[in-house]
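Shown next, in structure tokens, is the structure this report addresses.
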Amino acid sequence: MRKSFDYKADLSIFLLLAIVLLLAGGILFTLNTIRSDPIDEALKGEEVINILFVLEHEQKPLGSYVIMYSPMNNRAAAISIPGDTGKILRTEDKMDRLDSVYRSHKIDAFAAEINELLGLSISYSVVFEMERLAKIIDVIGGVDIFIPNAIEIYGEEIVLFPSGNITLDGDKGIQYIVFELLEEERNNASLRRERFFLALLRSLGDKNTLFNDNTVARYFYPLLKTKMNRFTQRRLFQALSSLDIERINMQAVAGNYREMSGHRLLLPYYNGTVIRDVVRQAQRSLAQRTQGTLIERIFTVEILNGTTTTGLAGRTAELIRGFNYEVISTDNADRNDYVKTEIIDRTGLENVVNSFAAVIRCDNIHFESRIPDEAEPQIQNPEYRADFTLILGRDFNGRVVVGN
């Protein structure tokens, strides 16, 4: 009996030790995982973090936006990707709408196509499904948004949105982004949803302290459709909460609409090279170590057509605006026989004018009215005209300068 008792006691002690070791190992593993979570490393680094956000309605993207966030400078840029963007889809090897590969339960293929379209790598993705989004909006106490023009829709359901600054609750928020007017231009509907998305990010940032309450956090985070664990979600949203959303400029994939195989597709300019150049320039800008707010300033451009090609200045203006420059005027140059395209710079900032020149690959730059490097450019002279004057010559092919 004595030997039997000792055997059972030894076995119990062994099992107890095993359980203790397993628990200790689990705790250490969890702590180590938290300490070494990739989001921590990313937020401490100098690389730009790319996050895909999707507003999903009836299992399709109503709006898709990539936020490019620089932890080093705490600044961001944004790209809007229309669902009807035409692209040769890698999964189907055919030209079709980008959103045709979207799957509500798994958006990997959709994200991969966006990666290829923009020439970047998406680090994280978050999907706001409409029913869940209504609950999210109510949790944070509504979304504050400015509506420029009053909206009145009379049909099966009356929808009213007054102009001015208003707060949308969950139901009103969903109505605002889902409704479509027959006479509303597609571009206006996209702009409305872009405004709402940025307002949503701002409201989430303003109410970020709510998620310090574990009860609120346990309710909120499961409402997001994402592969991120709760710790990563929390860390990422904490980082984004410090952004000045008003300074984020929303760019969009631009192009021409064409009818193809029974579909109306938005074909990006120059087979997508323009939007990829926009993305590259935005990422370079975000990665620069800068002082003050100079890099956030929108520079102005005057475009003059120095060729015999009709409408060249106007078409170029659309291209330049895509790179986040403000085109304040287009006109004909003093003559129409310019051989070489030239840029007249009035900022006196070499890195700024070089970034502008890189847009069209122009190395013919002239300087006037130099401004001291330590001062932010201020247009005080009424004859200043613009930060840059771009005079188009015969060496400009509509996209870039050739033959430099």
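The values are calculated or read from the model by the stated rules, or taken from the named source; none is laboratory data. Treat the numbers as computed from the prediction; the structure is a model and nothing was measured. Here Cβ is always computed from backbone atoms with ideal geometry, including for glycine, and neighbour counts include all displayed protein chains. Note: areas computed on protein heavy atoms with side chains; ligands, DNA, RNA excluded. Shrake-Rupley method; radii C 1.70, N 1.55, O 1.52, S 1.80 Å.
Of note:
- Matching entry among E246, E318 (being touching a residue at least 60 places away in the same chain (Cβ under 8 Å), out of contact with any Lys or Arg (no Cβ under 7 Å at 6 or more places or on another chain) and surrounded by fewer than 19 Cβ atoms within 10 Å (Cβ to Cβ)): E318
- Filter result for N214 (open to solvent by 50 Å² or more (accessible area, probe 1.4 Å), free of Cβ contacts under 8 Å to residues at least 40 places away in the same chain and within 24 Å of the chain's Cα centre (by Cα)): no
- Taken residue by residue, segment 334-353 has no member that is in contact with a strand residue (DSSP E or B) (Cβ under 9 Å, 6 or more places away or on another chain) and at pLDDT below 85.
- In segment 37-54, the residues that are farther than 16 Å from A76 by Cα reach residues that are hydroxyl-bearing (S, T, Y) and open to solvent by 20 Å² or more (accessible area, probe 1.4 Å) with C-beta atoms within less than 9 angstrom, at least six apart or across chains, in these pairs: P38/S123; I39/S123; I39/Y124; V54/S125.
- Meets criteria (farther than 30 Å from R192 by Cβ, in contact with a Ser or Thr (Cβ under 6 Å, 6 or more places away or on another chain), at pLDDT 65 or above and not charged (D, E, K, R)) for I39: yes
- For T308, the criteria (1) modelled with pLDDT of 90 or more; (2) touching a Leu at 6+ places or on another chain (Cβ under 6 Å); (3) open to solvent by 60 Å² or more (accessible area, probe 1.4 Å) hold in every case but one, which is (2).
- Residue match in segment 135-156 (condition: modelled with pLDDT of 95 or more, of a type in the set (D, E) and in contact with a Gly (Cβ under 8 Å, 6 or more places away or on another chain)): yes
A quick yes/no check of all residues on (1) not polar (S, T, N, Q); (2) not in a strand (DSSP E or B):
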{"residue": "T232", "(1), (2)": "no, yes"}
{"residue": "L236", "(1), (2)": "yes, yes"}
{"residue": "Y257", "(1), (2)": "yes, no"}
{"residue": "L266", "(1), (2)": "yes, no"}
{"residue": "N271", "(1), (2)": "no, yes"}
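- Within the set L201, L236, the sole residue that is open to solvent by less than 10 Å² (accessible area, probe 1.4 Å), under 23 Å from the mean Cα position of the chain (by Cα) and not aromatic (F, W, Y) turns out to be L236.
- Filter result for L191 (assigned to a helix (DSSP H, G or I) and not acidic (D, E)): yes
- The one condition in (1) open to solvent by 50 Å² or more (accessible area, probe 1.4 Å); (2) among the charged types (D, E, K, R); (3) farther than 17 Å from I137 by Cβ that D277 fails to fulfil: (1)
- Residues that are surrounded by fewer than 17 Cβ atoms within 10 Å (Cβ to Cβ) and among the small types (G, A, S) were ranked within segment 96-148; the one that is farthest from G45 (Cα to Cα) is G141.
- Residues that are in contact with an Asp or Glu (Cβ under 9 Å, 6 or more places away or on another chain) and in a helix (DSSP H, G or I), drawn from segment 211-226: L223
- Any pair with Cβ under 9 angstrom, 6 or more apart, that starts in segment 57-71 at a residue that is open to solvent by 20 Å² or more (accessible area, probe 1.4 Å) and ends at one that is basic (K, R): Q59/R103; L62/R193; P71/K44
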